[in-house]
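Below is one structure. I have some questions about it.
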Amino acid sequence: MQPANSTAPLLFETDSPGPPPRIDDGIDMAQALASLGLEHRTVLLLGVVEGFTCEEIADILGLPIGTIMSRLSRARQALRKRIEQDMPRYMPTRGHAK
């Protein structure tokens with residue numbers, strides 16, 4: 001639990017005017033994660049949240065490491081797409097970095 005006067009961590013860095021976006025500015029991460037299929041959500045949570053390596057996740061789930069890497073990549077892509085839909089003005093434009 002965060003102290004009452006703390007702010008949510010930054011989600012993206014941006015050059016947009018005004019305050020930077022924060023998780024509590026319209027992105028419901030629980031909904032974004034729930035929008036992923038079980039296979040993709042499981043791999044993403046094990047790798048990103050729990051910190052397991054792809055090899056460890058493969059051992060845990062009894063799957064080939066290539067399958068884990070593929071699912072992790074697709075999960076990240078799907079999550080990015082969902083977040084872009086929720087907050088398009090804060091997403092950096094690809095290939096146009098300042």
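The values are calculated or read from the model by the stated rules, or taken from the named source; none is laboratory data. As the structure is a prediction and not an experimental result, all values here were calculated from the model. When we count neighbours, we look across all protein chains shown, and the Cβ atoms used for this are built from the backbone with ideal geometry, even at glycine.
Given the conditions (1) hydrophobic (A, V, I, L, M, F, W, C); (2) at pLDDT below 95; (3) touching a Lys or Arg at 6+ places or on another chain (Cβ under 6 Å), which single one is not true for residue 83?
If we test residue 83 against (1) hydrophobic (A, V, I, L, M, F, W, C); (2) at pLDDT below 95; (3) touching a Lys or Arg at 6+ places or on another chain (Cβ under 6 Å), just (3) comes out false.
I'm trying to understand the selection: among the residues of the range 38-53, which are touching a helix residue (DSSP H, G or I) at 6+ places or on another chain (Cβ under 8 Å) and either under 16 Å from residue 80 (Cα atoms) or not acidic (Asp, Glu) (or both)? Talk me through it step by step, then tell me what you get.
Applying the first criterion (touching a helix residue (DSSP H, G or I) at 6+ places or on another chain (Cβ under 8 Å)) to the range 38-53 yields 39-47, 52-53.
Listed by number, the residues that qualify are 40, 41, 42, 43, 44, 45, 46, 47, 52, 53.
Considering only the range 49-77, state which residues are part of a helix (DSSP H, G or I), among the aliphatic types (A, V, I, L, M) and surrounded by 14 or more Cβ atoms within 10 Å (Cβ to Cβ). Step through it out loud before you land on a result.
From the range 49-77, those part of a helix (DSSP H, G or I) are 49, 54-61, 65-77; that's our starting set.
Remaining after also requiring among the aliphatic types (A, V, I, L, M): 49, 57-58, 60-61, 65, 68-69, 72, 75.
The answer is 57, 58, 60, 61, 65, 68, 69, 72, 75.
Cβ-Cβ distance below 7 Å, separation of 6 or more or different chains: which pairs start in the range 20-40 with a residue that is under 30 Å from residue 61 (Cα atoms) and end on one that is small (Gly, Ala, Ser) and modelled with pLDDT of 85 or more?
Filtered contacts from the range 20-40: 36/75; 36/78; 40/75; 40/78.
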